[in-house]
Amino acid sequence: MSRDTPGGSFPAGAYRGDVSYYPCSVVKLCFVSYYESRKQAGKLDDTPELVRAVKDMITVSSNDATGFVVDSITGTTSGPEISGGEWERWKAKRNVVNDWYRGRGYTNLNANQKTFCEDAYGREQAFRDGGKNRNRMTAAEAARILKEIVHGEVAGEMLTTEMLVLQSESSQGEMWARLAGAKRIAARGRKGWQRLNAPLGWEAIGQDGQTVFYEKVLR
């Protein structure tokens with residue numbers, strides 16, 4: 001398969017790249033992408049707790065934060081089992097992230113389940129349908145998701161930068177950026193952060209109060 005990049009494309013190999021697997025925390029990229037796309041469309045307003053949860057979901061891979069994000073972007077909540085029309089409406093709402101990706105041409109991806117430290121209970125367990133409705137993703141889809149984030153295909157410039165900053169602050173941020181073909185990554189920190197990290201190639205590009213924004217060109 002090949003991956004499109006600005007100015008052309010380059011060949012890339014894959015082994016079983018079109019086979020679906022349980023994606024673990026990689027599914028959180030789907031949730032942050034949908035979150036930013038809704039903000040871009042003016043259909044979702046941030047709150048301090050939602051901002052905090054999105055940050056923790058990406059930078060430290062918090063499952064508790066992810067559950068809050070999923071609730072916020074789908075309009076669903078966990079709880080005891082429900083049935084009838086209420087259950088059907090709940091399932092339709094929980095599938096909005098899948099619906100958005102289907103509209104973008106994804107055919108195998110399933111991103112409608114929360115991530116848990118232990119196990120799911122009540123309606124969350126019922127929604128797994130005996131394991132048939134677990135999150136799933138192919139390697140090709142994961143690569144495409146990263147490419148779309150980095151190339152600004154999910155949201156506008158400001159919200160794309162927001163996503164890149166979050167991913168850069170995660171423990172594997174630079175690795176993900178390089179795999180996605182990014183030319184630069186961003187981060188934020190307090191005064192003095194650049195001095196401590198200067199040998200790694202970071203340069204200050206702006207400041208908002210005590211928060212300084214940095215950029216690193218990837219070579």
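Among the listed pairs LYS55/LYS132; LYS55/LYS147; LYS91/LYS114; LYS39/LYS93, which are separated by more than 25 Å between their Cα atoms?
LYS55/LYS132
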**Asked** Between TYR15 and LYS132, what is the spin-label point distance in nm, taking each point 7 Å from the Cα along the Cα→C-beta axis?
**Response** 3.2 nm
**Message:** Can you tell me how the range 36-105 classifies by the Cα gyration tensor, rounded, prolate or oblate, using a/c under 1.5 as the rounded cut?
**Reply:** oblate
**Request:** Scan around TYR21 for amide H atoms under 5 Å from its own, H built in the peptide plane at 1.01 Å from N, and keep only partners 5 or more places away or cross-chain.
**Result:** MET137, THR138
**Request:** Would you mind classifying the range 18-155 by shape? Square roots of the alpha carbon gyration tensor eigenvalues, ordered a ≥ b ≥ c; an a/c under 1.5 is rounded, otherwise it is prolate if a/b is larger than b/c and oblate if not.
**Result:** rounded
**Prompt:** Quick one: Cα centre-to-centre distance for the range 26-89 and the range 120-165, in angstrom?
**Reply:** 11 Å
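Each value in this text was obtained by applying a stated rule to the coordinates, not by laboratory testing. Quantities reported herein were computed from a predicted structural model and do not represent experimental measurements. In this analysis, Cβ positions are derived from the backbone assuming ideal geometry, glycine residues included, and neighbour counts consider all displayed protein chains.
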